[in-house]
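Visitor: Here you go, one structure.
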């Protein structure tokens with residue numbers, strides 16, 4: 001990592017990564033292929049600055065939420081394994097919920113000790129976090145003193161930020177003033193909604209918070225904002241490429257001359273250099289970029305692929321694409337064929353058929369298929385139609401439920417099952433009042449979690465039996481990382497990987513299907529996929545793995561972009577109904593879903609509309625009209 005000294009004596013780092021800038025961008029940004037890679041780079045930047053600091057103290061502004069956890073994890077490692085000392089570091093946290101007790105598990109005070117302070121040698125008196133429990137008449141005085149303390153120490157040397165879906169930085173919600181200082185604020189409904197899973201429901205999320213102001217943040221000598229996942233892509237593009245707008249508080253960072261946004265591929269996807277790179281510069285056209293450009297052009301012109309003209313390409317900045325491809329006719333035909341090849345009613349391969357223009361191999365005709373489902377209903381929600389098609393076509397289909405999903409069962413649902421046991425089988429089953437009392441008081445005891453896990457398991461069995469599966473082909477993995485009894489899960493360990501390895505080795509699949517939905521609101525999908533990737537990496541040289549293909553599906557939250565899809569499996573109206581019925585067997589997840597994010601639709605409706613939208617998109621591009629489609633992208637092992 002290289003750096004240079006700026007005029008204000010702060011250090012400007014040259015961060016390795018994809019940091020190409022364009023004329024559309026007003027804030028420096030760097031994109032990384034993984035959250036882990038970006039987090040480690042920033043942790044090392046902070047480490048270098050601490051070591052190079054010649055003052056008596058280094059002032060570090062800290063953020064909370066999921067975005068900086070990887071940075072804190074690496075800082076802890078640097079302290080424990082490489083001797084990084086925090087004794088001269090003074091920290092100021094951005095914000096805290098109000099009202100909330102320090103020892104509340106959801107307080108940012110608890111968060112910081114859990115992820116950083118308890119693991120490093122920082123001096124206790126050097127830790128500054130806004131107080132979440134103050135008398136109303138003391139709030140203003142506390143905020144003034146918080147500002148005064150920052151200023152008396154010479155200001156913040158390095159400020160770490162996250163960003164919310166409202167583009168808030170700290171808890172500076174839309175409408176915040178550029179000159180705002182530390183103060184108490186009302187939280188936007190979207191912000192409270194996003195925090196609902198941490199508080200077991202939006203009704204328990206505090207309505208207010210104490211936060212540093214925009215001016216306080218802008219006074220920092222160096223600012224780094226972290227943003228991961230597709231849910232942040234819209235506000236990232238508006239903050240970096242749009243005008244300064246109080247409705248997008250992060251856009252005020254355009255006024256700061258030493259700010260960097262650290263992004264991943266998903267959060268940066270809406271930036272012009274990634275969304276429409278042909279508008280930024282000339283480059284060599286790859287097949288992937290051709291697909292992306294032609295799909296975009298079709299949407300821009302509202303024309304099917306075979307109706308696109310030379311003028312359409314020229315007027316939309318794609319003349320170089322035509323030049324590189326020979327003619328518009330050849331280009332359109334090529335793209336039409338590329339899309340046509342992805343469509344198949346034989347997701348396991350069509351036996352005794354030339355498979356050169358099909359997404360899957362013809363041989364072996366009967367395949368062993370292993371479907372990984374992060375939560376107990378992701379299999380039917382995401383690929384219920386394809387699972388049934390594979391089974392009906394004679395393949396040996398196994399479904400592996402990676403987690404118990406117990407935390408996703410409401411207390412009300414659990415009580416229903418206890419009542420059934422109590423009043424129907426009272427002679428054989430003793431149900432103690434203690435268990436009922438714990439459920440009513442929202443305590444997830446071991447017995448409660450076991451009951452909730454059993455509810456999810458029974459729903460899996462019912463849905464699979466409806467589709468015709470044998471119980472023997474269902475595998476309940478109960479990965480240990482998930483079993484924290486809380487929304488916040490444990491870190492995945494070797495034990496999680498070993499369980500996955502053992503299952504794959506026992507089945508020796510020709511096909512693996514897994515959730516590639518990295519925007520899952522709990523992060524469970526992301527962790528489950530990482531565990532699977534680690535397992536596959538460990539055994540990829542085994543003979544059976546050399547003929548195993550890995551297909552990724554998306555969950556209930558989003559679909560692959562058309563140009564990314566490599567296999568699209570059509571569904572008839574009756575198959576759509578069949579998939580819907582399989583999802584409805586997961587009754588604990590219907591009507592009152594514990595943590596469904598910002599989309600209030602039932603999972604069956606969300607999945608159905610997504611599958612229909614995919615089919616409509618194919619049809620709009622000029623393909624045959626289907627009722628619905630499930631889509632997959634191949635991951636090369």
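Just so it is clear, none of the values below were taken in a lab; they were calculated from the coordinates. Quick caveat: nothing in here was measured; it's all calculated off a predicted structure. Reconstructed Cβ throughout: ideal geometry from the backbone, glycine too, with neighbour counts over all protein chains shown.
Visitor: Using 18 Å as the cut-off for backbone N distance, which residues of the stretch 391-417 belong to the label zone defined by a point 7 Å from the Cα of residue 366 along Cα→Cβ?
Guide: 391-399
Visitor: Quick one, can you get me the convex hull of the C-alpha atoms of the chain expressed as volume per residue in Å³?
Guide: Working: hull volume 110.4 nm³, N = 637.
So the per-residue hull volume is 173 Å³.
Visitor: If you count, for each residue, the other Cβ atoms within 10 Å and average over each peptide, how do 368-377, 147-156, 92-101 line up from highest to lowest? Provide the component values of the computation, followed by the final result.
Guide: Numbers: 368-377: 26.4, 147-156: 15.2, 92-101: 21.7.
Output ranking for 368-377, 147-156, 92-101: 368-377, 92-101, 147-156.
Visitor: If I take every Cα pair under 8 Å that is 6 or more residues apart in the stretch 24-273, average their sequence separation and divide by the length, what percent do I get for the relative contact order? Write out the running numbers ahead of the final one.
Guide: Details: 490 pairs, mean separation 62.2, N = 250.
Computed over the stretch 24-273, the figure is 25 percent.
Visitor: Next question. Could you sort 115-121, 567-573, 166-172 so that the peptide with the highest average Cβ count within 10 Å comes first and the rest follow in order?
Guide: Values: 115-121: 16.6, 567-573: 20.3, 166-172: 26.7.
Top of the packing list down: 166-172, 567-573, 115-121.
Visitor: Something else: Return the equivalent ellipsoid semi-axes of the stretch 136-203 as a descending list in whole Å, where each equals the square root of 5 times an eigenvalue of the C-alpha gyration tensor.
Guide: Working: eigenvalues 128, 49, 28 Å².
Here the semi-axes work out to 25, 16, 12 Å.
Visitor: Any idea what the alpha-carbon Rg over 2.2 N^0.38 Å comes to for the stretch 243-322?
Guide: Working: Rg = 16.3 Å, N = 80, 2.2 N^0.38 = 11.6 Å.
Output field value: 1.40.
Visitor: Using helices alone, I'd like the mean residue ellipticity at 222 nm for the chain: each DSSP H run of four-plus residues gives -39500 (n - 2.57), total over residue count, nearest 500.
Guide: Details: 20 runs with 240 residues, N = 637.
So the helix-based figure for the chain works out to -11500 deg cm²/dmol.
Visitor: How much space per residue, in cubic angstrom, does the convex hull of the C-alpha atoms of the stretch 278-342 take up? Don't jump to the answer; show the numbers that get you there.
Guide: On the way: hull volume 5.0 nm³, N = 65.
So the per-residue hull volume is 77 Å³.
Visitor: So, one more: Indicate the gyration tensor shape class of the stretch 264-379 (rounded, prolate or oblate), computed on the Cα atoms with a ≥ b ≥ c the square roots of the eigenvalues: a/c under 1.5 is rounded; otherwise a/b larger than b/c is prolate and the rest oblate.
Guide: Working: a/c = 2.72, a/b = 1.58, b/c = 1.72.
Taking the square roots of the gyration eigenvalues as a ≥ b ≥ c, the stretch 264-379 is oblate.
Visitor: Just the C-alpha atoms of the stretch 24-273: what Rg/Rh do they give, with Rh taken as the Kirkwood radius? Don't skip to the end; give the middle numbers.
Guide: Working: Rg = 17.0 Å, Rh = 18.2 Å.
Here the Rg-to-Rh quotient is 0.93.
Visitor: Sticking with this one: At a 10 angstrom cut-off on C-beta neighbours, averaged per residue, how do the peptides 240-249, 603-612 rank from highest to lowest? Could you put the intermediate results ahead of the total?
Guide: Numbers: 240-249: 18.0, 603-612: 19.9.
Going from most to least packed, we get 603-612, 240-249.
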